[in-house]
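The values are calculated or read from the model by the stated rules, or taken from the named source; none is laboratory data. Because the structure is a prediction, the values reported are computed rather than measured. Note that each Cβ is placed from the backbone with ideal geometry, even for glycine, and that neighbours are counted across all protein chains shown. In case anyone asks, the SASA skips ligands and DNA or RNA and just uses the protein heavy atoms, side chains included. Shrake-Rupley method; radii C 1.70, N 1.55, O 1.52, S 1.80 Å.
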Amino acid sequence: VEPSSFAWSGQLLAVGTKTGQVALLPALVHTDTANTTTGPSEKETKEEVAEVKEVSEVCSASEKQAEETKSADAEPSTPLEKRTELFQPAVQMKFQPGSTHRGRRRLLAWNEHGCLKLVIGSKHRLVEVDYYKCRDPSSLREIKADGVEIGALGPGLCALASSRHVAVHWAQSSFEHLVPDGQCVEALAVSRSFVAFFASPQRFLHIFTPAFTRIAELDMPHDIVSMVAFDQMLFCVFQAQPEVEPQLHFALFDLQKNDKICGCLPISPHSTLRWIGFSAEEQPLTLDSGGVLRAMLSTSSKSWIPVAEVGHECKLWPVEAGGGVLRCMEVRAGEEPQVAAQRLTTVPYNLPVGFESDAAAGALLKQLVRSKRGRSRSDAFSLQLFEEHVKLKDQELAYDVARCYLTQGSEQLSLARSMAEKSELHELALKLSQLIEGGERPAKRRLGS
């Protein structure tokens, strides 16, 4: 045992070791005057030797135990590291829906309208614009975009932004806006009726017309994660300062009604948000890294429910949603798409059936009433509402939906009758046949009365 410290009181010598043990030894004193040695007797010397031996054995045992403990801790080091990585807190990053982040050719936006591709050259940056639903010479174009980092794509127009500059490009015209000093653009969204961007560090949400006539400037309480626009709707996701897991909040703005809905945004445990968007039916959707697709059904209750499992390995890259399916591109796990593929994989999602169906049907009815879209789209949405009531075996409400919201004599009424017959709701099917034949619509009454 190697000593590390000493202390002497004149009669006793204290010896400390590196393992924390202390030995008390009798002192041996030499006197020069008598030239003799006064010390312990033979018996005391034997006791001293025995004490030192005992201390040495204790120290050796302690050192051996410490080494064994250290060795035991070192053996499962690799599994322990894996377990530590498994419980690392998830870090939520900012993102533009449909954008990629790697390479000199990357996507700024990719959705149902088309795609924006940023090409980083040695001297200049170009953005290639491709509108899928518009096949004229202006549907494919290139825009010089020096300094551009983020972009958003709407129906027939796109928005590009650097840290201090925002521009909106139509087929034949463009408009520009300089961001005030001290502000930096972090998120961007555009629709046919407005353009919105989020600026930090002040957390200002700016909303303009596409020609940059100011609509609103809002002071938001949290940092932005992502934002997306659809028609008159703006869907934003924010992040509070998390302690362990991301704490996400959402805000849904209806610019036509000058209305705002806020609440907490659920995500799967140990996950982050990876995509947000709207369905073709104007339904907000989210997808997290746990592979759970959620839809907001009720604006009054701010409720979000899971509607599909996409897979936690992130092998599907979401592009657009509508008609009950999420369209995605297949990629390798953890990778990003290099090009905007035309062939997409469809993932069906459904409104819940069972204990949540009443809420789902009620939410669909509210969305139908507030919808101001064309008749064909309204019929498709009404048919979805009709199907929910058929699943609930609620013949009265299903009949009211068909009578009030489906076009008389339309193909949707025939589909509704087929649904009723398949569900063995024969009385409902008979009433629908009368509507299809073009007879005068009966007054609203309870079926079976």
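Looking at (1) open to solvent by 20 Å² or more (accessible area, probe 1.4 Å); (2) in contact with an Asp or Glu (Cβ under 8 Å, 6 or more places away or on another chain); (3) hydroxyl-bearing (Ser, Thr, Tyr), find the lone condition where residue 289 falls short.
Condition not satisfied by residue 289: (2).
Restrict the check to the stretch 186-204 and report whether at least one residue is assigned to a loop (DSSP other than H, G, I, E, B), in contact with a strand residue (DSSP E or B) (Cβ under 7 Å, 6 or more places away or on another chain) and open to solvent by less than 10 Å² (accessible area, probe 1.4 Å).
yes
Conditions first: (1) farther than 24 Å from residue 250 by Cβ; (2) in contact with a Gly (Cβ under 6 Å, 6 or more places away or on another chain). Residue 312 passes all but one, so which condition is the exception?
Answer for residue 312: the failing condition is (1).
Conditions (1) in a loop (DSSP other than H, G, I, E, B); (2) farther than 19 Å from residue 252 by Cα; (3) touching a Ser or Thr at 6+ places or on another chain (Cβ under 9 Å), marked per residue:
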| position | (1), (2), (3) |
| --- | --- |
| 266 | yes, no, yes |
| 269 | yes, yes, no |
| 274 | no, no, yes |
| 286 | no, no, no |
| 293 | no, no, yes |
| 304 | no, no, yes |
| 308 | no, yes, no |
| 321 | no, no, yes |
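Has the stretch 391-401 got at least one residue that is modelled with pLDDT under 60 and either assigned to a helix (DSSP H, G or I) or under 30 Å from residue 257 (Cβ atoms) (or both)?
The answer is no; no qualifying residue exists.
State the number of residues belonging to the stretch 156-168 that are within 22 Å of residue 93 (Cβ to Cβ) and assigned to a strand (DSSP E or B).
4
Every residue in the stretch 257-284 that is of a type in the set (S, T, N, Q) and closer than 19 Å to residue 94 by Cα, please.
Correct list: 268, 271, 272.
Examine the stretch 187-200 for a residue that is of a type outside the set (Val, Ile, Thr) and farther than 19 Å from residue 160 by Cβ, and state whether such a residue exists.
Scanning the stretch 187-200, I find no residue that is of a type outside the set (Val, Ile, Thr) and farther than 19 Å from residue 160 by Cβ, so the answer is no.
Could you tell me which numbered condition residue 408 fails, if it satisfies all but one of (1) at pLDDT 80 or above; (2) within 30 Å of residue 282 (Cβ to Cβ); (3) among the polar types (S, T, N, Q)?
With respect to (1) at pLDDT 80 or above; (2) within 30 Å of residue 282 (Cβ to Cβ); (3) among the polar types (S, T, N, Q), residue 408 is out only on (1).
For the stretch 269-296, enumerate the residues that are over 20 Å from residue 234 (Cβ atoms), small (Gly, Ala, Ser) and out of contact with any Pro (no Cβ under 9 Å at 6 or more places or on another chain).
289, 291
Determine, yes or no, whether residue 171 is part of a loop (DSSP other than H, G, I, E, B), more than 28 Å from the chain's Cα centre (by Cα), modelled with pLDDT of 90 or more and on the phi < 0 side of the Ramachandran plot.
In short, no.
Return the residues of the stretch 262-319 that are without any contact (Cβ under 8 Å) to a residue 24 or more places away in the chain and among the charged types (D, E, K, R); say none if nothing qualifies.
288, 309, 313, 315, listed by residue number.
Taking the options 146, 181, name whichever one is open to solvent by 50 Å² or more (accessible area, probe 1.4 Å), part of a loop (DSSP other than H, G, I, E, B) and within 25 Å of residue 102 (Cβ to Cβ).
Among 146, 181, only 146 is open to solvent by 50 Å² or more (accessible area, probe 1.4 Å), part of a loop (DSSP other than H, G, I, E, B) and within 25 Å of residue 102 (Cβ to Cβ).
Output the residue which, of all residues in the stretch 322-344 that are in contact (Cβ under 8 Å) with a residue 24 or more places away in the chain and farther than 20 Å from residue 130 by Cβ, is surrounded by the fewest Cβ atoms within 10 Å (Cβ to Cβ).
Going through the qualifying residues, I end up with 323.
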